[in-house]
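Step one of this worksheet: look at the structure below.
The values are calculated or read from the model by the stated rules, or taken from the named source; none is laboratory data. This is a predicted model, so every value here is computed, not measured. Don't worry about glycine lacking a Cβ; one is built from the backbone with ideal geometry, like all the others, and counts go over all protein chains shown. Just so you know, the surface numbers come from the protein's heavy atoms only, side chains and all, with ligands and any DNA or RNA stripped out. Shrake-Rupley method; radii C 1.70, N 1.55, O 1.52, S 1.80 Å.
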Amino acid sequence: METAYNPSAIESKWYAYWLEQKLFESKVDSREPYTIVIPPPNVTGVLHMGHMLNNTIQDVLIRRARLQQKNACWVPGTDHASIATEAKVVARLKERGIAKETLSREEFLKHAWEWTEEYGGVILEQLKRLGASCDWSRTTFTMDQHMYDSVIEVFVDLYEKGHIYRGYRMVNWDPEAKTTLSDEEVIYQEREGNLYYIQYPYTDGSGALTVATTRPETIFGDVAICVNPDDPRYTDKLGKTVLVPIVNREIPIISDTYVDAEFGTGCLKITPAHDQNDKAIGDKYALEVIDALNADATLNAYALHYEGLDRFEARPKIAEELQSLGLLLKVENHLNKVGTSERTGAVVEPRLLDQWFLKMDELVKPAIDAVLKSGEIKLHPSKFDNTYKHWLENIRDWNISRQLWWGQQIPAFYYDNTFVVARTLEEAVDKANERAQSAKSDKRYTAVDLRQDEDVLDTWFSSWLWPISVFNGILEPDNKDINYYYPTSDLVTGPDILFFWVARMIISGYEYRKTYPFKNVYLTGLVRDKQGRKMSKSLGNSPDALGLIDTYGADAVRVGLLLSSAAGNDLLFDESLCQQGRNFANKIWNAFRLITSWEVAWIAQPEASKIGIEWFNSQFNSTLDFIEDQYAKYRISDALMALYKLIWDDYCAWLLELIKPAYQQPIDATTRQEAFELMERLLVVLHPFMPFLTEELWQQLDKRADTESICVAHWPSSGPVNQELMSQFSHTQAVISALRTLRTEKQLKPKELLDIQTQQTDQPQVIPEVLSKLGFTSPITIVESAGENTLSLRIETTEYYIPIEAQINLEEEVEKLQAELEYQRGFLEMVNQKLSNKRFVDNAPEAVVAVERKKAADALEKIQAIEATLSKLT
RNA sequence: GGGCUCUUAGCUCAGUUGGUUCAGAGCACCUGCCUUACAAGCAGGGGGUCGUAGGUUCGAAUCCUACAGGGCCCACCA
């Protein structure tokens, strides 16, 4: 065996083996199911650090469940991501000189499917490199036929239940993608802008009214000027009219308490077509709506000679013209929040459009209760409860239509001046005719009379069904998969899509399965770089995920990611984390090399080995209990760290050193057997974190049948813990540590056996066999006095004081002892002071007072011992 | 603007109901070792008045208040 672990060949070998053995495939059976549905990545996405973290956690959970003999099912898949994917397809077409507008819907979709087939699923292949144990036979794409049909079914159903409606409303418009966005898809950013003070001349020629605006290009849509009714500056102006500059259109001055007299000049221009609040005021006072913008955010004919110009290009030009007209009073710098598109980054334009909405007020109720009242669903960490609650309680109707082609086309069919909602065109024709019939109309419709809505549904309107639709639970609500696997067990995702996705899945779960979609939600943190910056392409600070696997091995990367990422905490990623993972893999590799290198002989088991193994069993059991507890709390990092220490410190550093035979000496059969069994148990517990390494070693550790894999080995159960032995052992460790320190400080040769003489002052006992095995002889004798250049001194360990005999420098030692004496006297005084405090003695629990008394007694004892030693020396 | 949350060693973080075991872990760092599993290692070591200022208490990293500085979420101030 090589002296270092070399992951690359091993990883591909075992992944292929796992697939071949179908170890990740799950079928309904009588075992307890453990289900995770993957947060489907964008079908054309590539693996980044966030995915790696997220999917490693899922894999850890699913592999552990598998070892616990549960029926583990991890459903993988991808999302069609309508805006993002459509944008990419449009860009590629543009490169080839094809404009989307010149294509029919069918032609465009053909290109989109081509793209999907070309790049789709690359990310799933990359997940395999990471070791993800998904049931690939269940791979699902949100545009698969049954997934598509599920979405349509749900739309029709919700429409029929009255939850979906069509409305002419102010919506968020992305002028780049030329589609509407939901409120959640708008990201507000602070931008440096200007506040323009524009003068609107009174029609009666009595001067002008000054209005402050950040968007002078919208003056073409102005329909009124509004002031606060209590603003004394304007009370005599109410009822007058002013002229909109440039277009010279006459508009009234009105008043409403909405206007803040403190801001700007206290005058607000009302532009109902381009601002949510203006629309509200416009509606209140029955004002006209003038839309001065085109879909691509260029100005239209209302803007006269600015027609065709982009809104941001027009802005300074309009300011210039106003300046030349003498109507621009001043321009101030102004910081304001601008809504931008989550996908394209374009500045979002509020627009009045006919759109489809999902009414949320009723649907949301069970989703609130599930997390905050019944506790059916738990968020990890729970600090997200508040955020979740706030969002759901203030939820607004969801705009679910998108002006795109890539996605599920809205199943609404228009004819005459009305529409029907139906699963298919045929069904729509029938419905239209039924409706005509019941209205006693003679009119009859055929397919050519009906025209389907051009829009598609928001991507999240398909992903909110994911935990149900991957098991086909919408179309066949009683099939055996959905009944068995749903509700799923755990969901692992980032907090950035808590609203987009998690909350909505909970809503749809209660609507369509009458129960929660998952029991636990593990929210990971964001992966950031060492400086705490978000990883992004433009900063170039995002490491190549697959490159890391190539360099360090998948196991090492997994460990590196997990070691320092508590749930919900951002992870400041640094490559050194992977190094730590690699070092750990190597440590285990070498421990394995050691135990498999021994010759076995039929000799008696040394006492030290026997004790060591008994101790390690206790240590293992107590650590396993701890690990189970950490898993139960979803503290994966802590579980891993405990295991890391168990393997590195306890197994390698202590146990192996204790049982290791002398050079080229054989080992007794019992010890070797025990060491192997312990290693095997450690490998199983480690397997969820480091699947490849553990499989390799597990296979080499014993003869395994072709079909045997650590993936389906049995998770060990905890056993009894010998507390007394644990205590003795840790005491012995402390003594050894103290002795080593002494040896280092006194610069004794490493190999030199240090004769120590210990005096037991209290339980627990040191274990002489352990001391001896590790290079310290330890006749238990009491040293009464110091000889020449020899001192009986006390070495402090955590709890006890052990007299040690060693060669030392007397002067130095005296100095040290005097310092120690002073310290102890001060300490004693402090404790005595506390003990003479009546309030303390009366109020503190008995045990606490006893501890203080013991401290005092110990200190006194120490002082006396030091004084005695000093008197002998001087 | 509203709400939530955080501040503990150089870094990333544990620290449950205030009380022995509370001032910890991993990494990094320093010193000495190429000792026959592992230098991707071994042995040892130094680091913190727990953000600041008050308060409650016999006792505060822990509870309360204010302040300072981060972070997150939400919100229509033109």
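Data overview
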{"read-out": "Condition met for A:Glu321 (away from RNA strand B (no atom under 12 Å from the Cβ) and not aliphatic (A, V, I, L, M))", "value": "yes"}
{"read-out": "Unmet criterion (only one of (1) part of a loop (DSSP other than H, G, I, E, B); (2) loosely packed, with under 14 Cβ neighbours inside 10 Å; (3) modelled with pLDDT under 95) for A:Gln765", "value": "(2)"}
{"read-out": "Some residue of region A:613-623 being under 21 Å from A:Ser564 (Cβ atoms) and of a type outside the set (Lys, Arg)", "value": "yes"}
{"read-out": "Answer from A:Lys110, A:Lys88 - the residue that is open to solvent by 30 Å² or more (accessible area, probe 1.4 Å), in a helix (DSSP H, G or I) and modelled with pLDDT of 95 or more", "value": "A:Lys110"}
{"read-out": "When residues of region A:694-707 are limited to those that are of a type in the set (A, V, I, L, M) and within 16 Å of RNA strand B (Cβ to nearest atom), the one nearest to A:Asn586 (Cα to Cα)", "value": "A:Leu697"}
{"read-out": "Test: residue in region A:208-218 that is under 43 Å from the mean Cα position of the chain (by Cα) and part of a loop (DSSP other than H, G, I, E, B)", "value": "yes"}
{"read-out": "Residues being acidic (Asp, Glu) and either more than 26 Å from A:Met641 (Cα to Cα) or within 9 Å of RNA strand B (Cβ to nearest atom) (or both) - total across region A:575-613", "value": "2"}
{"read-out": "Selection status of A:Asp397, within 16 Å of RNA strand B (Cβ to nearest atom) and open to solvent by less than 10 Å² (accessible area, probe 1.4 Å)", "value": "no"}
{"read-out": "Output for region A:347-365, where each listed residue is aromatic (Phe, Trp, Tyr) and in contact with a helix residue (DSSP H, G or I) (Cβ under 9 Å, 6 or more places away or on another chain)", "value": "A:Trp356"}
{"read-out": "Scan of region A:332-359 for residues that are of a type outside the set (Lys, Arg), assigned to a strand (DSSP E or B) and away from RNA strand B (no atom under 14 Å from the Cβ), ordered by number", "value": "A:Ser341, A:Leu352, A:Leu353, A:Asp354, A:Gln355, A:Trp356, A:Phe357, A:Leu358"}
{"read-out": "Number of positions in region A:199-215 that are open to solvent by less than 20 Å² (accessible area, probe 1.4 Å) and near RNA strand B (Cβ under 10 Å from one of its atoms)", "value": "3"}
{"read-out": "Those residues of region A:708-737 which are part of a loop (DSSP other than H, G, I, E, B) and away from RNA strand B (no atom under 16 Å from the Cβ), in sequence order", "value": "A:Glu708, A:Ser709, A:Ala713, A:His714, A:Trp715, A:Pro716, A:Ser717, A:Ser718, A:Gly719, A:Pro720, A:Asn722"}
{"read-out": "Within region A:3-34, considering residues that are within 16 Å of RNA strand B (Cβ to nearest atom) and of a type in the set (Ser, Thr, Tyr), the one most open to solvent (accessible area, probe 1.4 Å)", "value": "A:Thr3"}
{"read-out": "Contacts under 6 angstrom Cβ, first residue in region A:262-276 being at positive phi, partner within 7 Å of RNA strand B (Cβ to nearest atom), 6 or more apart", "value": "A:Gly264/A:Ala212"}
{"read-out": "Lone unmet requirement of (1) away from RNA strand B (no atom under 12 Å from the Cβ); (2) within 30 Å of A:Leu130 (Cα to Cα); (3) buried (at least 18 other Cβ atoms within 10 Å of the Cβ) for A:Asp625", "value": "(3)"}
{"read-out": "Scope region A:633-666; condition within 11 Å of RNA strand B (Cβ to nearest atom), farther than 21 Å from A:Met726 by Cα and buried (at least 21 other Cβ atoms within 10 Å of the Cβ); matching residues", "value": "A:Leu640"}
{"read-out": "Checklist (1) among the charged types (D, E, K, R); (2) at pLDDT 90 or above; (3) open to solvent by 60 Å² or more (accessible area, probe 1.4 Å) applied to A:Arg533, failing item", "value": "(2)"}
{"read-out": "Residue satisfying all of: in region A:301-316; under 17 Å from A:Val247 (Cα atoms) and hydrophobic (A, V, I, L, M, F, W, C); most open to solvent (accessible area, probe 1.4 Å) among these", "value": "A:Leu304"}
{"read-out": "Strands (runs of 3 or more DSSP E) completely within region A:232-293 that count 1 or more residues being modelled with pLDDT of 90 or more and within 46 Å of the chain's Cα centre (by Cα)", "value": "A:267-270"}
{"read-out": "Test: residue in region A:101-118 that is β-branched (Val, Ile, Thr) and within 30 Å of A:Trp14 (Cβ to Cβ)", "value": "no"}
{"read-out": "In region A:164-190, the residues that are in a strand (DSSP E or B), more than 10 Å from RNA strand B (Cβ to nearest atom) and open to solvent by 40 Å² or more (accessible area, probe 1.4 Å)", "value": "A:Tyr165, A:Arg166, A:Tyr168, A:Arg169"}
{"read-out": "Flag for A:Glu362 being open to solvent by 60 Å² or more (accessible area, probe 1.4 Å), more than 28 Å from A:Ile198 (Cβ to Cβ), touching a residue at least 60 places away in the same chain (Cβ under 8 Å) and not in a helix (DSSP H, G or I)", "value": "yes"}
{"read-out": "Test result for A:Val151, more than 22 Å from A:Arg343 (Cβ to Cβ) and among the hydrophobic types (A, V, I, L, M, F, W, C)", "value": "no"}
{"read-out": "Tally of residues being within 15 Å of A:Pro201 (Cα to Cα) and either open to solvent by less than 30 Å² (accessible area, probe 1.4 Å) or in contact with a helix residue (DSSP H, G or I) (Cβ under 8 Å, 6 or more places away or on another chain) (or both) across region A:246-261", "value": "4"}
{"read-out": "Qualifying position, being touching a Lys or Arg at 6+ places or on another chain (Cβ under 9 Å) and over 29 Å from A:Met143 (Cβ atoms), among A:Asp397, A:Asp416, A:Asp369", "value": "A:Asp416"}
{"read-out": "The one condition in (1) more than 13 Å from RNA strand B (Cβ to nearest atom); (2) within 30 Å of A:Gln403 (Cβ to Cβ) that A:Asn248 fails to fulfil", "value": "(2)"}
{"read-out": "Residue that is farthest from the chain's Cα centre (by Cα), among those in region A:109-133 that are aliphatic (A, V, I, L, M) and closer than 10 Å to A:Val89 by Cβ", "value": "A:Leu109"}
{"read-out": "Residues that are within 16 Å of RNA strand B (Cβ to nearest atom) and charged (D, E, K, R), drawn from region A:255-310", "value": "A:Asp256, A:Asp260, A:Glu262, A:Lys269, A:Asp275, A:Asp278, A:Lys279, A:Asp283, A:Lys284"}
{"read-out": "Yes/no for A:Thr44 being of a type in the set (S, T, N, Q), in a strand (DSSP E or B) and in contact with a strand residue (DSSP E or B) (Cβ under 9 Å, 6 or more places away or on another chain)", "value": "no"}
